[in-house]
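Contents: one structure, followed by commentary.
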Amino acid sequence: MNIQFVREIPENTEYEIIIAGGGPAGCAAAIAAARCRANVLLIEASGSLGGMGTIGLVPAWCPFSDKEKIIYRGIALEIFNKAKAGMRHVKKEDADWVPIDPEALKRVYDEMIMDAGVTVLFHTQVVSVNRQGNKLDYIVTANKGGLTAYKGNIYIDCTGDADIFAGAGLPYDYGDEQNHDIQPSTHCFVLTNVDEYHYHNSPVLHMNNPECAAYDIARSEKYPLITDAHCCHSLIGPRTVGFNAGHLWNVDSRDPIGASKALMQGRQLAYQYHQGLKEYLPETYGASYLAETSLVTGIRESRRIKGEYTITYEDYKNRKAFPDEIGRNCYFLDVHQTKEERDRIMRGERNGEEDFEPYAPGESHGIPYRSLIPKEVDNLIAAGRIISSDHRVQGSIRVMPVCLVTGQAAGTAAVLASQTGDTHKVDIMQLRRILGEAGAYFE
Ligand SMILES: Cc1cc2nc3c(=O)[nH]c(=O)nc-3n(C[C@H](O)[C@H](O)[C@H](O)COP(=O)(O)OP(=O)(O)OC[C@H]3O[C@@H](n4cnc5c(N)ncnc54)[C@H](O)[C@@H]3O)c2cc1C
């Protein structure tokens, strides 16, 4: 049964551009729009900026280079360089799989957002959307101050879950095209008091190495939540290692009860992983301490918007260029397989790496502006892992360097669209010129 909920709430019309979600995409969008002198509101559900890279404890940046040159530039590169500068064990020229110190990265985002003059609302969630035909009229937020209706010229959805698109009743895709299977989630965690000598001088602890302890832990009956050998990690500080390891299957971020159970299961999984590392790699992890687990479940995939253009596997394979491209991407098709496929990999029946189809050095594909905007609504843009792509390409464009690039493009396009209130009328040449002057890279 439904009830009708009617009440008067305050209306706020102060902001020209309203962005939901302060992850990499939302931060880059907010900085880009504010640098173009727009009055910007950034709404973030948690108490920190940075999304999965900070509150989610993802321990490393995916590569910034195409193995010949850096291709994620502009605001993305600024953030990356500032984050690296705070880490003594990272070299200035390092571009690929650079570790993340989440506390240092939080400060980088805070400083850049404050310098740009963005207004931030923490602990605030977008909970409802009012749409009148082809326009969003207002969005409703909830926080300690109660409910508020925010009315802007342009809205940018960087929630990672396309909450605004879904709230506006817009169509979206979910999971793979046949069964709607989504990639598994991971609950990242941090270990301190790790023995750095043995960390650096032991056999590679990664799924690529069938002899490594990740397989022993997954096969051991002592650690029932760990069922496959997914194990990535980075030294993120002195004697401190961040882990992106283990999988939680079929976590649907649209289901609050299921997602809450997954958080508790994730914390148990992190504990089991730590115990397993202590058992199988005592020289490295015997005296280590489980210092922190992520505040959020690491959701790799949820809703994907249906945009004016959907980037497909064929586009990826053909290294396609687009007349309206706003950035380029070279990351491989990093689709974490379903439980059934991972079981086959564990039994040695297949090699998961063959799914990834990485590019050769120097290769990349374009990201068209049309993959950021819906057909049906004029004053809404998407950025980050939710942009319009098929399931396999989402495995590639979901990573942080790409999200920063689409965020900057969305923020810049929002400023251009603000005058007319129509993202479909953005002058693409002007958008590309402004992005180019701000350092972006595309063909
Ligand atoms: C386990 C895991 C490991 C990964 N490993 C890597 C890696 O090694 N390297 C890499 O580069 N990338 C990695 N990624 C991918 C990458 O971290 C994310 O896909 C990327 O951060 C997505 O950016 P985003 O801005 O779209 O969303 P997010 O980073 O998810 O940020 C979304 C933000 O929106 C907020 N939010 C959500 N809903 C609302 C709402 N309704 N109202 C207000 N705020 C809201 C959230 O609190 C969050 O801060 C990984 C992802 C996962 C899950």
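At-a-glance table
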quantity	calculated
Criterion (in contact with a Ser or Thr (Cβ under 8 Å, 6 or more places away or on another chain), at pLDDT 95 or above and of a type in the set (F, W, Y)) met by exactly one of Y289, Y285	Y289
In the stretch 43-53, the residues that are more than 9 Å from the ligand (Cβ to nearest atom) and in contact with a helix residue (DSSP H, G or I) (Cβ under 9 Å, 6 or more places away or on another chain)	none
Hits in the stretch 54-94 (condition: within 19 Å of T159 (Cβ to Cβ) and away from the ligand (no atom under 14 Å from the Cβ))	none
Out of L225, L263, sole residue that is touching a Phe, Trp or Tyr at 6+ places or on another chain (Cβ under 9 Å), among the hydrophobic types (A, V, I, L, M, F, W, C) and either open to solvent by 20 Å² or more (accessible area, probe 1.4 Å) or in a strand (DSSP E or B) (or both)	L225
The stretch 1-13 residues that are under 21 Å from N143 (Cβ atoms), paired with ones that are of a type in the set (V, I, T) and surrounded by 10 or more Cβ atoms within 10 Å (Cβ to Cβ) (beta carbon under 6 Å, 6 or more apart)	P10/T148; N12/T148
Residue within the stretch 48-66 that is open to solvent by 10 Å² or more (accessible area, probe 1.4 Å) and either more than 29 Å from E301 (Cβ to Cβ) or not assigned by TED's automatic domain parsing to the domain that holds D422 (or both) present	no
Residue match in the stretch 118-128 (condition: without any contact (Cβ under 8 Å) to a residue 60 or more places away in the chain and part of a strand (DSSP E or B))	yes
Odd one out for E443, checked against (1) over 23 Å from L42 (Cα atoms); (2) buried (at least 24 other Cβ atoms within 10 Å of the Cβ); (3) over 14 Å from the mean Cα position of the chain (by Cα)	(2)
Residue list for the stretch 160-174, restricted to those being in contact with a Ser or Thr (Cβ under 9 Å, 6 or more places away or on another chain) and assigned to a loop (DSSP other than H, G, I, E, B)	G160, D161, A162
Condition check for A270: open to solvent by 30 Å² or more (accessible area, probe 1.4 Å) and in contact (Cβ under 8 Å) with a residue 24 or more places away in the chain	no
Yes/no for E14 being open to solvent by 70 Å² or more (accessible area, probe 1.4 Å), closer than 25 Å to V415 by Cα and either among the acidic types (D, E) or more than 10 Å from the ligand (Cβ to nearest atom) (or both)	yes
Qualifying position, being crowded, with 24+ Cβ neighbours inside 10 Å, near the ligand (Cβ under 6 Å from one of its atoms) and outside any loop (DSSP other than H, G, I, E, B), among G26, G22	G26
Residue match in the stretch 136-151 (condition: within 24 Å of I373 (Cβ to Cβ), open to solvent by 40 Å² or more (accessible area, probe 1.4 Å), among the charged types (D, E, K, R) and in a strand (DSSP E or B))	yes
Failed condition for I345, given (1) in contact with a Pro (Cβ under 7 Å, 6 or more places away or on another chain); (2) more than 14 Å from I397 (Cα to Cα); (3) among the hydrophobic types (A, V, I, L, M, F, W, C)	(1)
Counted residues, the stretch 185-222 - those being open to solvent by less than 50 Å² (accessible area, probe 1.4 Å), of a type in the set (V, I, T) and more than 16 Å from the ligand (Cβ to nearest atom)	3
Residue check for L42: touching an Asp or Glu at 6+ places or on another chain (Cβ under 7 Å) and either at pLDDT 95 or above or in a loop (DSSP other than H, G, I, E, B) (or both)	no
Selection count where residues are of a type outside the set (V, I, T) and within 11 Å of the ligand (Cβ to nearest atom), scope the stretch 95-104	3
Members of the stretch 107-135 found to be charged (D, E, K, R) and either within 11 Å of the ligand (Cβ to nearest atom) or loosely packed, with under 14 Cβ neighbours inside 10 Å (or both), listed by number	E111, D115
Whichever residue in the stretch 160-184 is open to solvent by less than 40 Å² (accessible area, probe 1.4 Å) and closer than 23 Å to C27 by Cα and, among such residues, is nearest to the chain's Cα centre (by Cα)	G160
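The values are calculated or read from the model by the stated rules, or taken from the named source; none is laboratory data. Predicted model, so just to flag it, every value in this text is computed and none were measured. Virtual Cβ from ideal backbone geometry, glycine too; neighbours counted across all protein chains shown. All accessible areas refer to the heavy atoms of the entire protein, side chains included, with ligands and DNA or RNA removed. Shrake-Rupley method; radii C 1.70, N 1.55, O 1.52, S 1.80 Å.
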